[in-house]
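Structure first, commentary second.
The values are calculated or read from the model by the stated rules, or taken from the named source; none is laboratory data. Because the structure is predicted, anything quoted here is derived from the model rather than measured. Neighbour counts run over all protein chains shown; Cβ positions are idealised from the backbone, glycine included.
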Amino acid sequence: MLADRRLALKAMLAAGGTLAFDIQIAGAQGAKPGGAASARINAYVAIAADNTVTITSKNPEIGQGVKAMLPMLIAEELDVAWGSVKVEQAVADQSRFGEQFAGGSMSTPMNWMPMRQAGATARAMIVAAAAKQWGVPAADITTSAGEVIHAASKRRAPYAALAAAAAKEAVPDVASLKLKDPASFTIIGKPVPGPDTPAIVAGKPLFGVDTVLPGMVHAALLTAPVRGATLKSHDAAKALALPGVRKVVPLRQLGHDDAPVDALAVMADSWWTASEARKLLDAQWDNGGREKHSDATFAAAAKAAFAGAPAASVRKEGDAAAALAKAAKVVSAEYSYPFLAHATLEPQNCTAQVKDGKAELWAPSQMPDEGKGMVAKALGVAPDAVTVNLTRIGGGFGRRLQSDFMVLVAMIAREVPGVPVKLILEREEDFRLDFFRPAGFHKFDAALDAQGKLTAFRTHLVTFGAKGQPGRGGELPNDLVPANLVPNADLGMTVLDSNVPLGWLRAPGSNALAYATQAFLDEVAAAAGKTLPAFMLDVLGEARAVVPPKIPGVPDIFQPPPFDTGRAAGVIREVMKNAAWQEKPAKGRGFGFYFSHLGYFAVVADVAEADGALRVTKMWVAGDIGSTVINPMNAEQQIRGSMIEGIGHVIGGLKVPVEGGQVQVANFDAYPLPRIDVVPPIEIAMVRTDNPPTGLGEPALPPVVAAVANAISSLTGKRVRSLPYQA
Amino acid sequence: MRIVQMQMNKTVRGDPMPTMLKVNGTSRQVDVPGEKPLLWVLREDLGYLGPKFGCGAGLCGACTVHLDGQAIRSCITPINAVGEGAITTIEGVAASAVGKRVSDAWVDIDVPQCGYCQAGQIMSAVALLESNPAPSDSDIDAAMAGNLCRCGTYHRIRDAIKQAAGGANAR
């Protein structure tokens, strides 16, 4: 069952599965009171005497905006004014809150109904309490902006007057709740600023690195330059001689089950001192042969793999080989892309206090419950003995779905019982200890018939992983567009081993696959005498739901979602219209489409050369995430942020080279993330369709990478078959 | 705007010594080695947690504070290089008229996503507007390119600077 859940979560984080979640709304029992003079009605809602409402936001905030979005859903159905709402971050406690994670763009689709139901439940309990006090039927009572109203007797009361009584009411059955008609929404769909914005602007301590506890010591970490190397020997004498250094602790095979590390932790009275002492540690590492891994050997292995058949087949439909043999035109090309780092601006960090078989952590984790389990296992205690407080998070992008830092700090803190320890990674260590977006190599073949119709699509992906299984973000999905839309499809992959740990980076899988497939299809479209968006509309055909083949061993509700060709065509047409796309576009214009994380996105990018460098001069995007954009203020930012990140994947030189088993990036000078001077105007259009709202943290990114690459191809006349772009 | 960057010797450090620092208008004494970077003195010894650690090498701008009104990277500025200079952090920046306008614009436009870089962004923006009250787009790009925003809030940073400058809220 637990394994099922983990598998399911993995499926969702990868691409967004289909959804069926039950709401369990815990009552007030066992919950912390909502503060002075307030009554807690359920796990999410507490009402104070002055009628302010404290709403608990259950998921980690990484900048994706859940701290506004989730409480907005609750406040809407609770029927209170947003101005009366205070938002409080939940602790990690899945027994009360259900799944608590920030990933897969899943907070919206998983919580759209449950959070509204949580608000409606509290409202129903307040109404029930009023009905009892006033001796009138609950059905005759209405609510508005935090007030209960009985129109016939002209009675009204603030929620606060009834909250204590409401908390004692029976929790109503979810099926009995009447949710609002979307036409009467007063909060959902309105622009709401981040609840923490004033505190951020005032420089208040909110983040993991800002955790300060009485008597706290600071820790820095030294790990091997070659990931996975073991600690042979070390001499801590010089480090220990530095005034303020408390202890040097060797850690062995810790952090993450998939990629444990050996490390030396320095504890000191100041992080600067710990960091200085770290440089004085004389550590010798045993690389265990891992130096053999390098970009050159990866490329050679991919070339060798392309000479043969893929090691594993992901999808075979019809007979691609035969269709290619009799095609009017065959287009073939190879594409590749590099490893990428997450490079969150807040380095990985965590604070822990361990004593008497119990641990408390202050963790900037995107998946705190998994981290809690990992810490419990490492300490040899029950998960209940581990308390995890969630801090605001200075960027996630998927890095903090791996909670290795929670284990590392807990094991350091165990060495100084009762003393809180804050671990902050140096930027160099943050890069060393990343879980990277897998590099990949594609060999593509496509067949066109005499009418320019796509009749076959074949790709061989050489990806990374272990024991023949692709790592996180390295999978080749069986519903890869356009393999799911042509009569003859052949998807195969070969998995290379390496010592580079892999992780989900914003729109995992999709951020690379969108580039490779849509850039290749741009070539195929040209061979068919069409532009890519026009060709895509042909390939999509009539509006229908294309259901992917079932993945064995995955429960039905977590199977990959159907692909709606009508929604895909809808966003393509919208962006073509807004960008005034022409049959023969001007040089420097490119297009990309992708469906990921339940969202349909199409992008047009214009690229020009100025002062010998390429820059994106304008972008248009059209997206379909269903019926409702819950918080337009944040949605705009998520889309722009995705698009700027997408530019960075192509222009500027973003890559993590591997030489001698070492990642060749230690700081931002070697990892040129987009700066303000590369940011173009972006025109956003949302296509609303009658579908449940879905998430926006990721799906806008993948098509950008393709659109920018295709725009460069158009400008230079030379295909961009490898990322990042190099002149 | 001049970015003051002082490279410190990474391995040599002296004994702790009493040093007076003027931070946000208040004189404070610390007893730390003179090589200790201003960022860590602010964060660890004086309790100003607004300036953030991002890179430790003056590359990301998250640690930006003002020294006599100039934006500096506090992660690579040892306190023995600060002298009598007046330090302003994000916690004190709204005390000036320009600082208040910029902070208000940041809230009004809801600039932050994750928020981690924003203290540094605001400090750079205030330093820009103090020296150039009506910056053009390219002035803004030049002054702000040292401040990395991993989330990509750049459009709103531009909008907020323009709003604080009293200009149109143009993209």
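Summary table
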| item | result |
| --- | --- |
| Residue identified as of a type in the set (Gly, Ala, Ser) and in a loop (DSSP other than H, G, I, E, B) among A:568, A:516, A:507, A:525 | A:507 |
| Within region B:57-83, considering residues that are over 14 Å from the mean Cα position of the chain (by Cα) and within 12 Å of chain A (Cβ to nearest Cβ), the one farthest from residue B:18 (Cα to Cα) | B:57 |
| Hits in region B:27-44 - residues which are over 22 Å from residue A:673 (Cβ atoms), in a helix (DSSP H, G or I) and more than 7 Å from chain A (Cβ to nearest Cβ) | B:38, B:41, B:42, B:43 |
| Which listed residue, of A:262, A:282, is in contact with a strand residue (DSSP E or B) (Cβ under 7 Å, 6 or more places away or on another chain), of a type in the set (Asp, Glu), within 14 Å of chain B (Cβ to nearest Cβ) and under 30 Å from residue B:53 (Cβ atoms) | A:282 |
| Matching residues in region A:55-97 - criterion: being farther than 15 Å from residue A:121 by Cα and assigned to a strand (DSSP E or B) | A:57, A:85, A:86, A:87, A:88, A:89 |
| Qualifying positions in region B:65-83 - under 21 Å from residue A:204 (Cα atoms) and assigned to a strand (DSSP E or B) | B:65, B:66, B:67, B:71, B:72, B:73 |
| Residues of region A:339-358 classified as surrounded by 14 or more Cβ atoms within 10 Å (Cβ to Cβ) and more than 14 Å from every other protein chain (Cβ to nearest Cβ), total | 7 |
| Selected residue [on the phi > 0 side of the Ramachandran plot, more than 14 Å from every other protein chain (Cβ to nearest Cβ) and without any contact (Cβ under 8 Å) to a residue 24 or more places away in the chain] from A:308, A:289 | A:289 |
| Region A:401-429, subset touching a strand residue (DSSP E or B) at 6+ places or on another chain (Cβ under 9 Å), among the charged types (D, E, K, R) and not in a strand (DSSP E or B), residue farthest from the other protein chains (Cβ to nearest Cβ) | A:414 |
| Filter result (within 14 Å of another protein chain (Cβ to nearest Cβ), touching a residue at least 60 places away in the same chain (Cβ under 8 Å) and over 23 Å from the mean Cα position of the chain (by Cα)) within region A:653-671 | A:666 |
| Filter pass, residue B:47 being facing chain A (nearest Cβ under 10 Å) and over 12 Å from the mean Cα position of the chain (by Cα) | yes |
| Hits in region B:121-159 - residues which are more than 8 Å from chain A (Cβ to nearest Cβ), closer than 23 Å to residue A:64 by Cβ and part of a loop (DSSP other than H, G, I, E, B) | none |
| Residues (under 41 Å from the mean Cα position of the chain (by Cα), without any contact (Cβ under 8 Å) to a residue 40 or more places away in the chain and within 14 Å of residue A:51 (Cα to Cα)) located in region A:140-160 | A:147, A:148 |
| Strands (runs of 3 or more DSSP E) wholly inside region A:163-281 that include at least 3 residues being free of Cβ contacts under 8 Å to residues at least 60 places away in the same chain | A:230-235, A:245-254, A:261-268 |
| Hits in region B:143-163 - residues which are free of Cβ contacts under 8 Å to residues at least 24 places away in the same chain and under 18 Å from the mean Cα position of the chain (by Cα) | B:144, B:145, B:154, B:158 |
| Subset of region B:84-115 that is out of contact with any strand residue (DSSP E or B) (no Cβ under 9 Å at 6 or more places or on another chain) and part of a loop (DSSP other than H, G, I, E, B) - its residue that is farthest from the other protein chains (Cβ to nearest Cβ) | B:111 |
| Residue A:135, sole failed condition from (1) at pLDDT 95 or above; (2) surrounded by 19 or more Cβ atoms within 10 Å (Cβ to Cβ) | (2) |
| In region A:677-704, residue nearest to the other protein chains (Cβ to nearest Cβ) [restricted to those that are of a type in the set (Val, Ile, Thr) and buried (at least 17 other Cβ atoms within 10 Å of the Cβ)] | A:679 |
| Condition broken by residue A:336, with the remaining ones in (1) more than 19 Å from residue A:506 (Cβ to Cβ); (2) assigned by TED's automatic domain parsing to the domain that holds residue A:301; (3) of a type outside the set (Lys, Arg); (4) buried (at least 24 other Cβ atoms within 10 Å of the Cβ) satisfied | (4) |
| Test: residue in region A:658-676 that is crowded, with 24+ Cβ neighbours inside 10 Å and within 30 Å of residue A:185 (Cα to Cα) | no |
| Identity of the residue in region B:38-93, under 25 Å from residue A:429 (Cβ atoms), in contact with a Phe, Trp or Tyr (Cβ under 9 Å, 6 or more places away or on another chain) and among the charged types (D, E, K, R), that ends up surrounded by the fewest Cβ atoms within 10 Å (Cβ to Cβ) | B:44 |
| Residue count, region A:670-705 (criterion: within 24 Å of residue A:70 (Cβ to Cβ) and either small (Gly, Ala, Ser) or not in a loop (DSSP other than H, G, I, E, B) (or both)) | 6 |
| Count - residues of region A:98-111 that are surrounded by 24 or more Cβ atoms within 10 Å (Cβ to Cβ) and either of a type in the set (Asp, Glu) or assigned to a helix (DSSP H, G or I) (or both) | 4 |
| Residue in region A:219-238 that is more than 29 Å from the chain's Cα centre (by Cα), at pLDDT 95 or above and within 14 Å of chain B (Cβ to nearest Cβ) present | yes |
| Failed item, numbered, when residue A:562 is tested on (1) over 30 Å from residue A:229 (Cα atoms); (2) over 21 Å from the mean Cα position of the chain (by Cα) | (2) |
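Results for (1) out of contact with any strand residue (DSSP E or B) (no Cβ under 6 Å at 6 or more places or on another chain); (2) in contact (Cβ under 8 Å) with a residue 60 or more places away in the chain; (3) part of a loop (DSSP other than H, G, I, E, B); (4) farther than 29 Å from residue A:672 by Cβ, shown as yes or no for each residue.
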site	(1), (2), (3), (4)
A:336	no, yes, no, no
A:351	no, yes, no, yes
A:360	no, no, no, yes
A:365	yes, yes, yes, no
A:377	yes, no, no, yes
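Residue-by-condition table, conditions (1) over 18 Å from the mean Cα position of the chain (by Cα); (2) more than 21 Å from residue A:724 (Cβ to Cβ); (3) of a type in the set (Gly, Ala, Ser); (4) part of a strand (DSSP E or B):
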{"position": "A:592", "(1), (2), (3), (4)": "yes, no, yes, yes"}
{"position": "A:615", "(1), (2), (3), (4)": "yes, no, no, yes"}
{"position": "A:623", "(1), (2), (3), (4)": "no, yes, yes, yes"}
{"position": "A:626", "(1), (2), (3), (4)": "yes, yes, yes, no"}
{"position": "A:633", "(1), (2), (3), (4)": "yes, yes, no, no"}
{"position": "A:641", "(1), (2), (3), (4)": "no, no, yes, no"}
